[in-house]
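The values are calculated or read from the model by the stated rules, or taken from the named source; none is laboratory data. These figures come from a predicted structure and were not determined experimentally. Because the Cβ atoms are built from the backbone with ideal geometry, glycine has one as well, and the counts that use them run over all protein chains shown. Heavy atoms of the whole protein, side chains included, go into the accessibility calculation; ligands, DNA and RNA do not. Shrake-Rupley method; radii C 1.70, N 1.55, O 1.52, S 1.80 Å.
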Amino acid sequence: QVQLVESGGGLVQPGGSLRLSCAFSGLAFRLYTMAWYRQAPGKQRELVTSITGGGDTTYAESVKGRFTISRDSATKTVYLQMNSVKADDTAVYYCFADGLRNNYWGQGTQVTVSS
């Protein structure tokens with residue numbers, strides 16, 4: 001069984017930075033493609049970024065050049081570095097683990113961009 005625990009959310013000013021973490025507990029971390037999704041009030045959940053076990057990444061157009069996803073196999077942690085944040089980045093951010101047969105969600109962490 002896999003469990004995902006996000007942390008690092010909070011209030012940040014426009015133009016500021018924030019780093020989210022997702023702690024993975026379970027086996028075979030390297031076999032999972034890890035991703036961050038977000039859901040803003042009144043909107044559908046959307047894929048923000050993903051990273052494969054081999055380190056290949058994808059990014060939504062809205063965050064390219066501002067957000068960076070990374071993973072640390074030693075600590076089984078996935079990070080989302082958020083720079084130059086905007087009000088539109090306000091959302092609940094969810095960590096997602098995509099395995100061959102199963103996938104898992106974290107509980108989410110709130111990010112609010114406001115002055």
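A few points about this structure:
- Close Cβ contacts (under 8 Å, 6 or more residues apart or on different chains) running from residues in segment 100-115 that are over 11 Å from V5 (Cα atoms) to residues that are acidic (D, E) comprise V111/D89; V113/D88; V113/D89.
- Residue count for segment 12-34, restricted to those that are surrounded by fewer than 13 Cβ atoms within 10 Å (Cβ to Cβ), part of a strand (DSSP E or B) and of a type outside the set (G, A, S): 0
- Members of segment 94-111 found to be under 21 Å from G53 (Cα atoms) and either modelled with pLDDT of 95 or more or part of a strand (DSSP E or B) (or both), listed by number: Y94, C95, F96, A97, D98, N103, Y104, W105, G106
- Considered as a group, the residues in segment 74-115 that are open to solvent by 80 Å² or more (accessible area, probe 1.4 Å) and among the small types (G, A, S) include one that is farthest from G15 (Cα to Cα), and that residue is A74.
- Applying a threshold of 9 Å to beta carbon distances and a minimum spacing of six or more residues, or different chains, the list of pairs starting in segment 37-54 at a residue that is within 17 Å of G9 (Cβ to Cβ) and ending at one that is of a type in the set (A, V, I, L, M) and open to solvent by 50 Å² or more (accessible area, probe 1.4 Å) reads Y37/L47; R38/L47.
- Set R45, R38, R71: member being open to solvent by less than 40 Å² (accessible area, probe 1.4 Å), closer than 19 Å to E6 by Cβ and of a type in the set (D, E, K, R): R38
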